[in-house]
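K.L.:
Below you will find the structure I want to go over with you.
Any read-out appearing in this document is the output of simple, stated calculations on the displayed coordinates, not a laboratory observation. As the structure is a computational prediction, the values presented were derived from the model and not from experiment. Here the Cβ is made from the backbone with ideal geometry for all residues, glycine too, and neighbour counts use every protein chain on show.
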Amino acid sequence: MKHSAFVTIFSLWFYYIDAFAAGTRSIKSFSSLGVSVEATDLIDHEVEPIPIRIGHGFDIHRMAPIDEAGQPVVIGGVTITHKDQKWTDAEGKYVEKGGIYETQLGVVAHSDGDVIYHSVVDGIFGALTLPDIGQVFQDTDPRWKGCDSSKFMEYAFEVMTNYGYKIGNIDVTLILERPKVASFKPAMKENIVKLLQTTPGRINIKARTHEKMDSMGELRSLSCHVVLTLERA
């Protein structure tokens, strides 16, 4: 056998060993979550190495007076400080049913209820044809009670990287009537850039109201849509 042919075969052998390792290393025991994560489903899927993948993520959470919610409004890793807001008391807990109750708002959720982070994670998993965020981080699991959702983002980044992808671009549409978030958007964007190890020119965050319609218009909920692309790294 000629030397060049031997080198080629030897290199290919190491390439396949490395590819196998890349598909399995550290996902199951991802340490930044602070607990052992059983995520074998994210390892065993067949993810074809196509050049570009598109994902969509969506999340919605209830908003309530902060004493009831038990935690503040956190969006894109930023705590949204605000004045008392005119929240519609649809159930009549604090004022007459359907009346307006002025209060500080919080998000009702098992984790910290970060709709942007949850939507981005779901979009990454979806782009890779993996189980959705609710299957991986179940809201009945006490490990995720009050969890900082940046940990979910770090986990999604590692999964994406292990499958050989990086962020192409992310387009976020945040939907909430109040509180206003325009001044917080640069910090949200910076957090996403850092967590997913990408660049500002690949991340966009838009926010809009719901024209005072339904639960979002009445400040009883907020939601988020994310469309993203992944590129082969």
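K.L.:
Based on what the data block shows, is F184 among the aromatic types (F, W, Y), touching a residue at least 60 places away in the same chain (Cβ under 8 Å) and out of contact with any Ser or Thr (no Cβ under 7 Å at 6 or more places or on another chain)?
P.N.:
Taking the combined requirement at face value, the residue satisfies it.
K.L.:
Please enumerate the residues belonging to the stretch 161-196 that are among the polar types (S, T, N, Q) and over 21 Å from I50 (Cα atoms).
P.N.:
T173, S183, N191
Here is a yes/no grid of residues against (1) closer than 18 Å to P65 by Cα; (2) under 28 Å from the mean Cα position of the chain (by Cα):
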site	(1), (2)
A90	yes, no
V107	yes, yes
H118	no, yes
G123	no, yes
L130	no, yes
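K.L.:
Then there's this: Do you know which residues across the stretch 121-133 are assigned to a loop (DSSP other than H, G, I, E, B) and among the hydrophobic types (A, V, I, L, M, F, W, C)?
P.N.:
L128, L130
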